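Have a look at the structure below, then the notes.
Where a number appears in this text, it was derived from the coordinates with a stated rule and is not lab data. Computed from a predicted structure; not experimentally measured. As a convention, Cβ positions derive from the backbone with ideal geometry for all residues, glycine included, and neighbour counts pool all protein chains shown.
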Amino acid sequence: MPATNSLKTLVLSSAVLGLGGLSSAMASDGYSDDVVRIGVLTDMSGIYTDLSGEAAVAAVEMAVEDFGGEIDGTPIEVIHGDHRNRADTGASRAREWYDSEGVDMINDLSNSGVALAVAAVADEQQRHAIVNSSSNIGLTNDACSPYVTHYTYDAHSLAHGTGKSIVEDGGDTWFFLTVDFAFGIGLEEQVSEVVRDAGGQVVGAARHPLDTTDFSSYALQAQASGAEIIGIASTGADAINAINALAEFGVTPDQRPAALLLWYDDIASLGLETAQGLMLTNAFYWDANDETREFSQRFYERTGRMPNMAQAGNYSSTMHYLNAIEAAGSDDSDAVSEKMRELEINDFFAKGGYIRPNGRMVHDQYLWEVKSPGESEYDYDFLRLVTTIPGEEAFQPLEESSCHLLDND
């Protein structure tokens, strides 16, 4: 399908469009093509569509609308496309958008393989990409770029949140059910490192294809391993199917599942009866405070669902990008990169957040426990806060990054 058939342009108010009477020279001095164009490249039809998809597009559109729909009289447009969970499709679409569609920044990027592929194109084209829906820490290591920002979470923060907490609570032996691509493998590696550093043991792993529906054989392998903890290094429908299979086929009384990337949406799908007691690390929860509730209510009115952390991150990162453009007085990629790293992030998503030279946005993460049905007092009341993980502890220390932009000698 040609890209233009899948594009969705944000309809600007007539007041904004009326600014077209301003001299084009004034607009083009600072803004390429007399427009700031943002592309949301996401999963619109596959396994991660409930975690990103149309809701990711809505979050970016909300940010643009809240910003005012224009910068110094230059309109802001939002388009979107489906990467189909294929790295080659994502890279091809990104190249087309940057080359032919005048896209200045691509957001969301669910699926780590897609995110890594698009990051390479963004670096080559010297255009921005912001990753909110993928975890692979290569984005701020060997695949880092001045134009790529890893914003919401990553495998390191998940491992040092959920994984570390479970090990400290006595979960010493682990077996992994891992989705067999960059996201799952990277997450398994990160958690395995945490387990071993804490004196624990990884006794094995079973890797499954993306979008697996029958987990019976994997559940039996996990059971036979005798491991105390069954680490589920997958997400979305794969994680839901794995957790349901473990409940159906049974793990021994001495075993318990650990969902290493569990989304708010996944809990809604599983139900509290099945999900209760699971620990998860998330950067955002709709019911955390008055600010998160205000944003989430507006998001719910627009989409019919509460936002997850990536959707909240899509909004926050888009707003940060637009603030950087405004501060730079230009959408020039290098000028915007500099401002993105200068400006602190203080909104409903993060307090005191900042972007490191390697592109990692540092902010607090939170360890949550899923409530039991009896503890839930109202609709969507799913999580209990266990602890706050300061950003500097949650994310990989900068001196350990292999990003070529750093001088770690």
Chain lengthening between Glu189 and Ala288 when straightened (0.36 nm per residue, less Cα-Cα): 32.6 nm
Region 239-265-region 99-139 distance, computed between alpha-carbon centres (Å): 31
Difference of contour (0.36 nm per residue) and Cα-Cα distance, Asp172 to Leu343: 57.4 nm
Dipole of the chain, positive direction: furthest Cα of Tyr285, Tyr218, Phe67, with charges on the beta-carbon: Tyr218
Relative contact order of the chain, pairs being alpha-carbon contacts under 8 Å that are 6 or more residues apart, as %: 17
Whole-angstrom gap from region 350-376 to region 381-406, using each part's C-alpha centre: 9
Dipole of the chain, positive direction: furthest Cα of Ile243, Ser330, Val370, with charges on the beta-carbon: Ile243
Alpha-carbon centroids, region 267-290 and region 194-223: separation in whole Å: 22
Surrounding net charge for Leu210, when Lys and Arg each add one and Asp and Glu each subtract one, Cβ distance under 9 Å: -3
Region 167-258 shape via C-alpha gyration tensor axes, a/c threshold 1.5: oblate
DSSP-defined antiparallel bridges as percent of all bridges, the chain, nearest 5: 30
For the chain, built as a Gaussian network whose Cα springs stay under 10 Å, the top-fluctuating residue of His128, His150, His320: His320
Gain upon complete extension [Gln201, Gln297; 0.36 nm per residue less C-alpha separation]: 30.2 nm
Coil-residue GluC sites (Glu not before Pro) of region 330-389, DSSP, other Cβ within 10 Å capped at 15: Glu344, Glu375, Glu377
Point-charge dipole on Cβ atoms (K/R +1, D/E -1) for the chain, about Cα centre, debye to 20: 600
